Amino acid sequence: SFSLTPASHAQVEQAEAVTDAALTRIKEMETLISTTGEEVDSIANELVPQLQKNTEQLTNVFALVDKMHDHIANVKDSVGKMEARLEAAEAANANALTKTLTSFMGGVRKKEAPTDPVHIVSVDEFFSSLKV
């Protein structure tokens, strides 16, 4: 066996103390990492179902918004057609006296008010289509 000088013996003791302190810190870090991992898993298990539920709700809301967008486009189209018919009817009525006079005199007949039906957008159909 060999013997150490007191200075070497002190250095060995100091190295052992530093090594023990480092091992203690490593164990503390392992415990902290383990605890943090468990907390993350617990939080994820709580939040993921909530996020999935919110995603489904938002998907339904977006589907309703898309349906409303389509319905509004149909209403705008219907209103545009109705306005065109109204303008044509007003023009036909405004020229009624002129038409009557020209028809008595054998003149050219003016354009008559349109008689073809305009599709009216059904609000009931719209609301029944909202069931996603």
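The values are calculated or read from the model by the stated rules, or taken from the named source; none is laboratory data. Here the structure is a predicted model, which means the values were calculated and not measured. As a convention, Cβ positions derive from the backbone with ideal geometry for all residues, glycine included, and neighbour counts pool all protein chains shown. Ligands, DNA and RNA are stripped out before the accessible areas are found, and what is left, the full protein with its side chains, is counted by its heavy atoms. Shrake-Rupley method; radii C 1.70, N 1.55, O 1.52, S 1.80 Å.
Can you pull the accessible area of residue 53 for me, 1.4 Å probe, Å² to the nearest 10?
120 Å²
At a probe size of 1.4 Å, how large is the accessible area of residue 116, to the nearest 10 Å²?
Taking all protein chains as shown, residue 116 has close to 90 Å².
Sorting 51, 130 by accessible area (1.4 Å probe), largest first, what list results?
Sorted descending by solvent-accessible area, the residues read 51, 130.
Compute the signed sum of charges (Lys and Arg +1, Asp and Glu -1) over the other residues within less than 9 Å, Cβ to Cβ, of residue 119.
Here the charged neighbours net out to 0.
Just by accessible area at a 1.4 angstrom probe, what is the order of 126, 2 from largest to smallest?
2, 126
When all protein chains stay in place, what accessible area (Å², nearest 10, 1.4 Å probe) is found for residue 69?
Here the residue's solvent-accessible area equals roughly 130 Å².
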